[in-house]
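This is the structure, below, for whatever I ask next.
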Amino acid sequence: VQLVESGGGLVQAGGSLRLSCAASGSTFKIDAMGWYRQTPGKERELVATITTVVGSTNYADSVEGRFTISRDNTKNTMYLQMNSLKPEKTAVYYCNAKESGIYFTSGIGASYWGQGTQVAISS
């Protein structure tokens, strides 16, 4: 599975941005995808996740109500709509995809990461 993020850039505080993550390869094995972010010197943190079949979502408390995760299975693409962006959260955003364990004798599927896309927020 290969993941390619796009849509990052510079935006003013309070503004909006939409990130995309295009998946290719053995995408049929993926049962969940998510967005994570990382600032310098800090650990990567969860932003939001979505299951690929049912579309169940989960958000970090810090973005609940401002960010929306979605996916288009016909395009193998996941999105993150970010509104009301805050300047303290300038970070690199990473796309993640997890394979279902049903395809593996170990019961554990692999986890894949994209290369990241920078989101810079000016105050």
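The values are calculated or read from the model by the stated rules, or taken from the named source; none is laboratory data. Computed from a prediction, not measured in an experiment: that's the story for all the values here. Cβ sites come from the backbone with ideal geometry, for glycine too, and all protein chains shown count toward neighbours. With ligands, DNA and RNA removed, areas are computed over all heavy atoms of the protein, side chains included. Shrake-Rupley method; radii C 1.70, N 1.55, O 1.52, S 1.80 Å.
Kindly list, by first and then second residue, each pair from a residue in the range 93-115 that is modelled with pLDDT under 95 to a residue that is open to solvent by 80 Å² or more (accessible area, probe 1.4 Å) and assigned to a loop (DSSP other than H, G, I, E, B), limited to pairs with Cβ atoms under 6 Å and residues at least 6 apart or on different chains.
From residues that are modelled with pLDDT under 95, the pairs are Gly101/Ile108.
For residues in the range 18-54 being in contact with a helix residue (DSSP H, G or I) (Cβ under 9 Å, 6 or more places away or on another chain) and β-branched (Val, Ile, Thr), which is least open to solvent (accessible area, probe 1.4 Å)?
Ranking the candidates gives Thr52 first.
Would you say Val92 is in a loop (DSSP other than H, G, I, E, B) and either closer than 18 Å to Ser20 by Cβ or open to solvent by less than 20 Å² (accessible area, probe 1.4 Å) (or both)? So that I can check it myself, show each step before the final result.
Details: in a loop (DSSP other than H, G, I, E, B): no; either closer than 18 Å to Ser20 by Cβ or open to solvent by less than 20 Å² (accessible area, probe 1.4 Å) (or both): yes.
Answer is no for this residue.
Also, quick follow-up: Please specify each residue of the range 2-17 satisfying the condition of being more than 14 Å from the chain's Cα centre (by Cα) and either crowded, with 18+ Cβ neighbours inside 10 Å or on the phi < 0 side of the Ramachandran plot (or both).
From the range 2-17, those more than 14 Å from the chain's Cα centre (by Cα) are 9-16; that's our starting set.
Within the range 2-17, Leu10, Val11, Gln12, Ala13, Gly15, Ser16 qualify.
Let's see how each residue does on (1) under 19 Å from Val92 (Cβ atoms); (2) touching a strand residue (DSSP E or B) at 6+ places or on another chain (Cβ under 6 Å):
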position	(1), (2)
Leu10	yes, yes
Ala22	yes, yes
Ser26	no, no
Met33	yes, yes
Arg44	yes, yes
Thr49	yes, yes
Val54	no, no
Asn58	no, yes
Arg71	no, yes
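So which residues in the range 64-77 are charged (D, E, K, R) and surrounded by 18 or more Cβ atoms within 10 Å (Cβ to Cβ)? Can you show your working first?
Residues of the range 64-77 that are charged (D, E, K, R), as a first pass: 64, 66, 71-72, 75.
Scanning the range 64-77 gives a single hit, Arg71.
Every residue, every condition in (1) open to solvent by 40 Å² or more (accessible area, probe 1.4 Å); (2) farther than 14 Å from Arg37 by Cβ; (3) among the acidic types (Asp, Glu), yes or no:
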residue: Tyr79; (1), (2), (3): no, yes, no
residue: Leu85; (1), (2), (3): no, no, no
residue: Lys98; (1), (2), (3): yes, yes, no
residue: Gly101; (1), (2), (3): no, yes, no
residue: Gly109; (1), (2), (3): no, yes, no
residue: Trp113; (1), (2), (3): yes, no, no
residue: Thr117; (1), (2), (3): no, no, no
